[in-house]
Protein chains: 2
Amino acid sequence: MADEKLPTRGEDFSEWYNQLVLKAQLADYAPVRGCMIVRPYGWALWENIQQALDRRFKATGHQNVAFPLFIPKSFIEKEKHHVEGFSPELAVVTIGGGQELAEPLIVRPTSETIIGHMWSKWIQSYRDLPVLMNQWNSVVRWELRTKLFLRTLEFYWQEGHTAHATREEAVEETRQMLDVYTDFAVNDAAIPVIPGAKSEAEKFAGADTTYSLEAMMGDCKALQFCTSHFLGQNFAQAFEVRYLDQSGQLQHCWTTSWGLSTRVIGGIIMVHGDDQGLVLPPRLAPTQLVIVPIFKTDEEKATVFKTARALKAQLVKANLRVALDEREGFSPGWKFNDWEMRGVPLRIELGPKDVAKQSAMLARRDRPGKEGKTSASLADLPLTAEKLLAEIQQALFDKALAFRRANTHETSTYDEFKKAVETGFAFAYWCGNDDCEAAIKEETRATMRCIPLDPDAVLGHGHSTGPGICVHCGTPATARAVFARAY
Amino acid sequence: MADEKLPTRGEDFSEWYNQLVLKAQLADYAPVRGCMIVRPYGWALWENIQQALDRRFKATGHQNVAFPLFIPKSFIEKEKHHVEGFSPELAVVTIGGGQELAEPLIVRPTSETIIGHMWSKWIQSYRDLPVLMNQWNSVVRWELRTKLFLRTLEFYWQEGHTAHATREEAVEETRQMLDVYTDFAVNDAAIPVIPGAKSEAEKFAGADTTYSLEAMMGDCKALQFCTSHFLGQNFAQAFEVRYLDQSGQLQHCWTTSWGLSTRVIGGIIMVHGDDQGLVLPPRLAPTQLVIVPIFKTDEEKATVFKTARALKAQLVKANLRVALDEREGFSPGWKFNDWEMRGVPLRIELGPKDVAKQSAMLARRDRPGKEGKTSASLADLPLTAEKLLAEIQQALFDKALAFRRANTHETSTYDEFKKAVETGFAFAYWCGNDDCEAAIKEETRATMRCIPLDPDAVLGHGHSTGPGICVHCGTPATARAVFARAY
């Protein structure tokens with residue numbers, strides 16, 4: 001596995017990504033076009049992501065549920081923007097149990113419609129609100145150009161759905177979940193993100209407002225990390241989701257939805273990975289530390305293995321996720337490369353001399369060579385490892401933030417803008433007009449990623465204020481926005 | 001919710017079940033025929049089941065993965081018994097992205113075929129074996145008669161799939177997983193089960209041998225709790241899953257699969273439930289204890305709530321799953337009934353006198369009236385509660401086992417047999433013949449549930465040994481088997 005060399009990121013970032021996903025055994029191509037198989041290492045990473053988010057969802061009062069895979073075709077047609085957006089992407093079941101179905105069934109692309117239908121039965125009174133739900137499942141969208149984790153026909157995600165008595169509460173929920181995602185991105189995935197609002201053209205089909213987190217990948221392109229939608233009363237009206245308020249009046253609910261998918265795994269690979277392979281943030285890494293035993297003679301092997309197994313037990317007890325590489329027939333050097341490729345944050349090298357000194361050598365994945373090496377006594381090792389893992393977690397975030405800021409440019413002229421989006425993000429005044437946005441996309445392949453909620457955080461310093469003019473058309477600007485080529 | 005009365009189990013067991021599932025808000029009917037929505041209370045129960053099993057799967061070396069929802073139609077056709085078994089039940093996607101598909105896609109009814117296909121790529125050498133995988137997902141089988149949790153078009157489950165170098169190892173895995181399920185059934189679900197082998201007629205389509213756990217429900221009918229299949233080399237041959245052995249010979253793998261679904265929730269309802277509603281085993285109950293505050297005046301309310309909140313915090317700290325019922329406008333009596341219906345194992349009643357005495361009254365769900373009440377000091381309450389929950393867990397199991405044994409009869413004559421399956425399980429000698437099995441089913445509506453691995457455990461005492469004669473046809477018996485009408 002560690003034998004075939006990856007292309008470097010500089011040579012071919014896209015091929016580096018494709019080959020790394022396969023080589024690290026995160027995922028593989030399914031026999032059905034555009035579908036993927038998530039292999040054990042990839043799924044273990046996803047389970048850690050799920051736990052990190054699920055804990056936050058439950059702490060903010062959400063409950064998990066499961067709505068069915070199949071949605072009657074007529075449901076999709078009830079909300080006019082929703083049907084326009086999703087119609088071209090649907091997978092349709094027309095045969096069940098050997099019979100042609102009277103009404104074809106859609107394999108869910110998202111669940112607003114069927115949830116709206118059920119809420120209209122369950123929600124009667126203001127006492128039933130808010131309703132705060134989430135589900136972990138997979139959805140299907142018939143994409144033409146696919147790439148493992150980033151865009152597949154079927155993908156794994158969570159979809160949160162909530163219903164509220166007032167507009168204010170629903171807006172607050174939309175923003176709260178964006179904050180929850182930001183907290184996860186920053187503290188668990190070590191990925192700096194720009195929270196902001198999407199344009200009319202880029203928002204979710206059926207939403208009043210879509211917010212997203214935008215992140216910069218290692219090739220300076222943007223990735224939409226997740227989204228949170230304020231749906232207004234659009235779905236509540238289409239599905240008659242109503243409640244009796246305290247004065248006995250029938251009111252439509254205000255609803256939200258928000259989602260994060262396995263594409264985040266693609267983001268983690270592309271933000272932190274290097275030419276040696278994956279670099280996983282310690283808080284999400286399936287294996288946080290690997291112990292590689294080093295020995296020549298059988299006697300040395302016996303001594304080293306005995307200590308290594310005791311050390312592993314000690315680290316497991318300290319709640320660290322640790323592997324001991326006992327594979328036969330591979331040299332320590334080969335193993336080092338293999339675990340580096342898999343992105344394990346910390347390697348413990350243990351040889352007979354280390355055992356004699358009751359110490360071990362720790363090597364950080366994020367700092368190659370001697371600079372990343374520390375010797376630690378075995379007795380202190382769990383504490384030393386925990387400290388180093390926390391340092392690595394922070395270092396990955398700091399590096400990614402510095403990289404994003406170095407490759408994001410404030411642009412005043414369209415020439416500057418065009419140059420900026422060739423190599424990174426452009427931050428520019430914009431008129432807010434659909435046509436202008438479309439022209440920019442046509443001319444530069446850059447899309448409006450978001451209107452940042454905190455413009456100062458984009459570059460880490462104050463930015464020009466006051467009424468500017470649109471970088472493209474020169475008319476008065478309505479906002480400052482981030483533009484970039486995107487996945 | 002607690003206002004409409006359930007039918008009693010004696011009046012109409014089936015309606016008691018249907019109404020209870022809706023009333024306790026475990027699940028609801030989806031707008032698509034035969035599909036269900038699992039609501040928060042039901043899904044929280046499923047999450048506890050998932051955790052209890054997932055922990056055991058990982059402890060026995062299995063890794064979670066995700067194979068796609070869609071399977072090419074041609075795959076299903078490669079294993080001849082598999083296609084015969086599943087063809088009538090398939091849901092078929094014929095349209096994707098607005099286009100008719102060249103090859104229709106099957107929505108997975110189970111994943112042996114697509115996993116076999118991928119294993120043929122991943123498995124090369126004996127060094128790659130064993131492969132031990134599991135996935136949590138939903139599958140679709142086009143059932144005609146459906147019932148919430150017990151039989152739905154789409155259902156949630158886990159499917160384990162393993163590949164081995166030898167027949168012995170694969171057989172051992174099949175039996176090991178049956179033991180894992182038994183451990184879960186007995187210790188977490190508090191359900192006594194009969195592990196055994198299925199008949200040729202009842203085994204999985206494509207298996208050499210199917211084992212199952214069979215449980216007796218409150219109406220004395222049988223429920224297949226889960227299955228574990230030894231697949232021989234059937235799928236390995238159909239999909240060319242081969243490995244080079246240590247002597248350089250190409251060999252077919254031996255494979256297994258095993259699954260447990262949300263129908264187990266139906267089993268928990270039907271084994272433990274009573275005329276007041278659900279009775280959940282403490283180890284799986286989403287809420288293990290509920291505190292119901294009792295007060296008359298505002299002053300009493302303030303005192304009681306303050307103590308109740310502190311008590312809740314104390315119980316949460318002890319890792320107990322606790323709810324405090326602060327709902328306004330409902331009497332304590334109404335709340336008692338509501339939580340009884342929801343099957344919460346232990347109720348804590350807290351009034352002003354209790355606060356004064358720094359004690360509370362504990363009421364067991366499984367023992368109605370005074371018999372199930374204990375007074376406990378607040379300081380000791382977490383310990384008292386833990387002890388009582390363990391007692392309830394054991395009592396539920398003991399009661400279910402005694403019930404099953406009381407309603408299982410050894411039968412020597414066909415008259416005794418027919419009488420036994422009218423009211424419970426029959427345990428009888430059987431010739432092992434397909435025709436005889438079919439005739440019994442036709443004549444009595446009872447099916448061969450399993451040939452118990454430990455015949456002595458069925459009735460809890462030694463049973464007649466030696467060569468008997470078939471209870472139906474009188475020819476020499478090959479086994480003693482359990483027969484019953486089943487869900």
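The values are calculated or read from the model by the stated rules, or taken from the named source; none is laboratory data. The structure displayed is predicted, hence computed values, not measured ones. Here the Cβ is made from the backbone with ideal geometry for all residues, glycine too, and neighbour counts use every protein chain on show.
Within the stretch A:25-38, is even one residue within 30 Å of A:D338 (Cβ to Cβ), of a type outside the set (A, V, I, L, M), within 8 Å of chain B (Cβ to nearest Cβ) and part of a helix (DSSP H, G or I)? Taking every residue of the stretch A:25-38 in turn, none turns out to be within 30 Å of A:D338 (Cβ to Cβ), of a type outside the set (A, V, I, L, M), within 8 Å of chain B (Cβ to nearest Cβ) and part of a helix (DSSP H, G or I). Scanning the stretch A:70-87 for residues that are away from every other protein chain (no Cβ under 11 Å) and touching an Asp or Glu at 6+ places or on another chain (Cβ under 8 Å), we see that the one that is nearest to A:K203 (Cα to Cα) is A:H82. Would you be able to tell me the number of residues in the stretch A:52-69 that are away from every other protein chain (no Cβ under 11 Å) and either surrounded by 21 or more Cβ atoms within 10 Å (Cβ to Cβ) or of a type outside the set (G, A, S) (or both)? So the count comes out to 5.
Screening the stretch A:305-422 for helices (runs of 4 or more DSSP H) wholly inside it with 3 or more residues that are closer than 30 Å to A:D456 by Cα and under 26 Å from the mean Cα position of the chain (by Cα) returns the ranges A:381-406. Which ones in the stretch A:88-100 are surrounded by fewer than 15 Cβ atoms within 10 Å (Cβ to Cβ) and either within 7 Å of another protein chain (Cβ to nearest Cβ) or closer than 10 Å to A:W142 by Cβ (or both)? Residues satisfying the conditions are A:P88, A:G98. The C-beta contact set for the stretch A:474-487 (first residue outside any loop (DSSP other than H, G, I, E, B), second residue among the aromatic types (F, W, Y), distance under 6 angstrom, 6+ apart or interchain) comprises A:A479/A:W430; A:R480/A:Y429; A:A481/A:W430; A:V482/A:F425; A:V482/A:F427; A:A484/A:F425. In the stretch A:406-417, the residues that are within 15 Å of A:R485 (Cα to Cα) reach residues that are part of a loop (DSSP other than H, G, I, E, B) with C-beta atoms within less than 7 angstrom, at least six apart or across chains, in these pairs: A:N407/A:C220; A:N407/A:G424; A:T408/A:G424; A:H409/A:G424; A:F417/A:T411; A:F417/A:V471.
Of the residues making up the stretch A:30-51, those that are more than 18 Å from A:V139 (Cβ to Cβ) and either touching a Cys at 6+ places or on another chain (Cβ under 9 Å) or surrounded by fewer than 22 Cβ atoms within 10 Å (Cβ to Cβ) (or both) number 7. The set of residues in the stretch A:380-397 being touching a helix residue (DSSP H, G or I) at 6+ places or on another chain (Cβ under 9 Å) and under 19 Å from A:L350 (Cβ atoms) consists of A:L381, A:P382, A:A385.
Annotation note: of B:D298, B:D208, B:D219, the sole residue that is of a type in the set (D, E, K, R) and in contact (Cβ under 8 Å) with a residue 60 or more places away in the chain is B:D219.
Residue by residue, here is whether (1) in contact with a Cys (Cβ under 7 Å, 6 or more places away or on another chain); (2) modelled with pLDDT under 95 holds:
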residue: A:A426; (1), (2): no, no
residue: A:I451; (1), (2): no, no
residue: A:P455; (1), (2): no, yes
residue: A:G460; (1), (2): no, yes
residue: A:T478; (1), (2): yes, yes
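Per the conditions (1) touching a strand residue (DSSP E or B) at 6+ places or on another chain (Cβ under 7 Å); (2) over 30 Å from A:G10 (Cα atoms); (3) not in a helix (DSSP H, G or I), the sole criterion not satisfied by A:V171 is (3).
Yes/no per residue for (1) of a type in the set (A, V, I, L, M, F, W, C); (2) surrounded by 18 or more Cβ atoms within 10 Å (Cβ to Cβ); (3) touching a Lys or Arg at 6+ places or on another chain (Cβ under 8 Å):
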site	(1), (2), (3)
A:K370	no, no, no
A:A385	yes, yes, no
A:A400	yes, yes, no
A:R404	no, yes, no
A:D415	no, no, no
A:K419	no, no, no
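Output yes when any residue across the stretch B:47-60 is closer than 28 Å to A:S120 by Cβ and either part of a helix (DSSP H, G or I) or not small (G, A, S) (or both), and no when none is. Checked against the condition, which is being closer than 28 Å to A:S120 by Cβ and either part of a helix (DSSP H, G or I) or not small (G, A, S) (or both), the stretch B:47-60 yields at least one hit.
Residues that are among the small types (G, A, S), surrounded by fewer than 23 Cβ atoms within 10 Å (Cβ to Cβ) and in contact with a helix residue (DSSP H, G or I) (Cβ under 9 Å, 6 or more places away or on another chain) were ranked within the stretch B:197-237; the one that is farthest from B:F483 (Cα to Cα) is B:G232.
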